[in-house]
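Some notes on the structure that comes next.
Every read-out reported here was derived from the displayed coordinates using simple, explicitly stated rules and does not represent laboratory data. Please read these numbers as outputs of a predicted model, since none were measured by experiment. Note that each Cβ is placed from the backbone with ideal geometry, even for glycine, and that neighbours are counted across all protein chains shown.
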Amino acid sequence: LIDNPSQYILKLSGTLRSPKMDFRPPFLMLMPVPLGVESESVITIIPQNFIRPSRITVQLPQLELADGSRTCPFSVQFPGGRDIVLSSDGTTNELTCCISFRSSKPMSFLGEMLFIDQEEN
């Protein structure tokens, strides 16, 4: 018990959730196209549990060709911007991402593109 009625004990508890991004669709399959022709697809990024604005960057894979040279046939664009913005009600905006592939040499690829926020998540 507290002898002084003007003092109060306040107990706080909470859960900190790590920021994450969900993707629609969850994986991407680009259609085969003739050499030098661009294949493109659009994904939606749904940020969750972000407590501050952030900017998304993308690490694109470098592919090794049969002759030993390396190339990155992918490009990424964010037509509406790459910033995660928090609204006053605590929700975040969805981001649209256009991923394209073009190669002058025949290749196939199965791998990952890394989408990273400002905090390296």
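Tabulated results
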| quantity | calculated |
| --- | --- |
| Local net charge near PRO19, Cβ-Cβ under 10 Å (Lys/Arg +1, Asp/Glu -1) | +1 |
| Low-density loop cleavage sites - trypsin sites (Lys or Arg not before Pro) in the range 6-41, where at most 11 other Cβ are within 10 Å (DSSP) | LYS11, ARG17 |
| Dipole of the range 1-93, positive direction: furthest Cα of PRO34, PHE23, SER6, with charges on the beta-carbon | SER6 |
| Spatial extent of the chain: Rg and Dmax, with the Cα atoms as the point set, Å | 22.0, 83 |
| DSSP loop GluC sites (Glu not before Pro) with at most 11 other Cβ within 10 Å: longest gap in the chain | 1-111 |
| CYS72/LEU16 FRET efficiency (R0 35 Å; Cβ-Cβ; nearest 0.05) | 0.45 |
| Label-zone membership for the range 73-93, site MET113, 7 angstrom Cα→C-beta point, backbone N under 20 Å | 73-85, 93 |
| In nm, spacing of pseudo-spin labels at GLN48 and TYR8 (7 Å Cα→C-beta vector) | 3.5 |
| Estimated FRET transfer efficiency when R0 is 41 angstrom, pair LYS105-ARG55 (beta carbons, to 0.05) | 0.80 |
